[in-house]
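Reading through the structure tokens given below for one structure.
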Amino acid sequence: MFIHIKRQILGTAFGAAVILTGGPALAEAPQIKTQVAGWYRIMVGSYEVTALSDGYLNFDNKLIQHAAPGEIAKGMERSFVEKGESIPTAINAFLINTGKKLILVDVGTAKLFGPSLGFVTENLRASGYDPAQVDLVLLTHLHGDHANGLLTPEGKIAFPNATVMATEAEATFWLDKEKAAHPPKELAAFFQMANADVAPYSAKGGFKTFKPNTEVSAGITAVPMAIGHTPGHTGFKVESGGERLIITGDVVHVGAVQFADPGVSVVYDLDDKSAIASRKTFFAQAAKDKTLLACAHVGFPGLGHLRAEGRGFVWIPVQYAPVK
Ligand SMILES: [Zn+2]
């Protein structure tokens, strides 16, 4: 369009005739209605980091707690979320190629949470890798939306050459045989999924644990985060060549409300007081340090920064750019 306008001006200036040419009439072009593959790549120092989309779910507003009357509706409006009873919420995983190891942080849902989810391995392939190349799977925690993808929808091991790791506290809580056999009713499904996801890896000696604040692989450190969401939830600090990225797991679920007010929590926070305190501290520090973040439940690719504003924060997503 701009070219045509420019030509027209030039044409007029030089007294020449302007001929506008075009393609076939629009009515002849059927709409394609597919989307690009869900992967997006950045470099952190010499480490290549690829965000992988598992898809999205509609997060029921009734699961949000500690919001003031009208706060959810206001947050949705300010974030341009379509009015309704739920907020579309992404599920993202992050693949790190250190040059020596291929490490996947969280693995999505497999196909257990409905048709809008379960695309991590498909997008991993689309991004140029194969699940068999993954050396290490690091789990932020053992909830199904982060761990179900350890298995294919048919229940087979999805990453045949990978060791799977989670924190000791997370494994102790969810994988304890006694607790798993008699879980509180509201957590029964969570216990069932966590145990089913990990069992085939454990059976071949492929499941290991780590303690907080330890370097789990060169340049990747487990940092306590979203404490209270689950007993052993962790984030991962990725450092290379003086650059840094923090993979946050579930420090935030519904950005439309929780960035402006980190005092809002969701029912899945097992200890909501701790989760809120942890979120407030982390947001403030990340905004102050201008840390690049990779969030599991922020709109794909879930990469961006936080800016402090008033009593809350604003999420600034990364801009599309070529890989340097
Ligand atoms: Zn989650």
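The sole residue among THR248, THR281 that is among the β-branched types (Val, Ile, Thr), closer than 25 Å to LYS208 by Cα and at pLDDT 95 or above is THR248.
For the stretch 127-163, a tally of residues being in contact with a strand residue (DSSP E or B) (Cβ under 9 Å, 6 or more places away or on another chain), more than 15 Å from the ligand (Cβ to nearest atom) and not hydrophobic (A, V, I, L, M, F, W, C) returns 7.
When ALA90 is tested against (1) of a type outside the set (Phe, Trp, Tyr); (2) open to solvent by less than 10 Å² (accessible area, probe 1.4 Å); (3) within 14 Å of the chain's Cα centre (by Cα), just one condition goes unmet, and that condition is (2). Close Cβ contacts (under 8 Å, 6 or more residues apart or on different chains) running from residues in the stretch 247-262 that are on the phi > 0 side of the Ramachandran plot and open to solvent by less than 10 Å² (accessible area, probe 1.4 Å) to residues that are assigned to a loop (DSSP other than H, G, I, E, B) and within 11 Å of the ligand (Cβ to nearest atom) comprise GLY249/ASP106; GLY249/THR140; GLY249/HIS141; GLY249/ALA226; GLY249/HIS229; GLY249/HIS233; GLY249/ALA296. Being more than 16 Å from the ligand (Cβ to nearest atom), basic (Lys, Arg), open to solvent by 60 Å² or more (accessible area, probe 1.4 Å) and not in a loop (DSSP other than H, G, I, E, B) is the requirement here; does LYS62 meet it? Taking the combined requirement at face value, the residue satisfies it. When LYS177 is tested against (1) away from the ligand (no atom under 15 Å from the Cβ); (2) in contact with a strand residue (DSSP E or B) (Cβ under 8 Å, 6 or more places away or on another chain), only condition (2) is not met.
Among the residues of the stretch 235-253, which ones are away from the ligand (no atom under 13 Å from the Cβ) and of a type outside the set (Lys, Arg)?
Filtering the stretch 235-253 down to residues away from the ligand (no atom under 13 Å from the Cβ) leaves 236-246.
Of everything in the stretch 235-253, those that are away from the ligand (no atom under 13 Å from the Cβ) and of a type outside the set (Lys, Arg) turn out to be PHE236, VAL238, GLU239, SER240, GLY241, GLY242, GLU243, LEU245, ILE246.
In the stretch 222-242, which residue that is β-branched (Val, Ile, Thr) and surrounded by 17 or more Cβ atoms within 10 Å (Cβ to Cβ) is farthest from LEU293 (Cα to Cα)? Filtering the stretch 222-242 for residues that are β-branched (Val, Ile, Thr) and surrounded by 17 or more Cβ atoms within 10 Å (Cβ to Cβ), the one farthest from LEU293 (Cα to Cα) comes out as THR230. Flag: TYR56 matches the condition of being of a type in the set (Ser, Thr, Tyr) and either open to solvent by 50 Å² or more (accessible area, probe 1.4 Å) or in contact with a His (Cβ under 8 Å, 6 or more places away or on another chain) (or both).
Tell me which helices (runs of 4 or more DSSP H) are completely within the stretch 106-188 and hold 2 or more residues being at pLDDT 95 or above and surrounded by fewer than 17 Cβ atoms within 10 Å (Cβ to Cβ), or say none if there are none.
On the way: elements: 120-126, 144-147, 168-175, 177-181.
Once the helices (runs of 4 or more DSSP H) in the stretch 106-188 are filtered for at least 2 residues that are at pLDDT 95 or above and surrounded by fewer than 17 Cβ atoms within 10 Å (Cβ to Cβ), what remains is 120-126, 168-175.
Of the residues in the stretch 277-300, how many are away from the ligand (no atom under 16 Å from the Cβ), open to solvent by less than 40 Å² (accessible area, probe 1.4 Å) and not polar (S, T, N, Q)? Matching residues across the stretch 277-300 total 4.
Could you say whether any residue in the stretch 208-221 is touching a residue at least 12 places away in the same chain (Cβ under 8 Å), aliphatic (A, V, I, L, M) and open to solvent by 50 Å² or more (accessible area, probe 1.4 Å)? Checked the stretch 208-221: at least one residue is touching a residue at least 12 places away in the same chain (Cβ under 8 Å), aliphatic (A, V, I, L, M) and open to solvent by 50 Å² or more (accessible area, probe 1.4 Å).
The values are calculated or read from the model by the stated rules, or taken from the named source; none is laboratory data. Not measured: the values here are computed from a predicted model. Note: ideal-geometry Cβ built from the backbone for every residue, glycine included; neighbour counts use all protein chains shown. Keep in mind that these areas ignore ligands, DNA and RNA; they rest on the heavy atoms of the full protein, side chains included. Shrake-Rupley method; radii C 1.70, N 1.55, O 1.52, S 1.80 Å.
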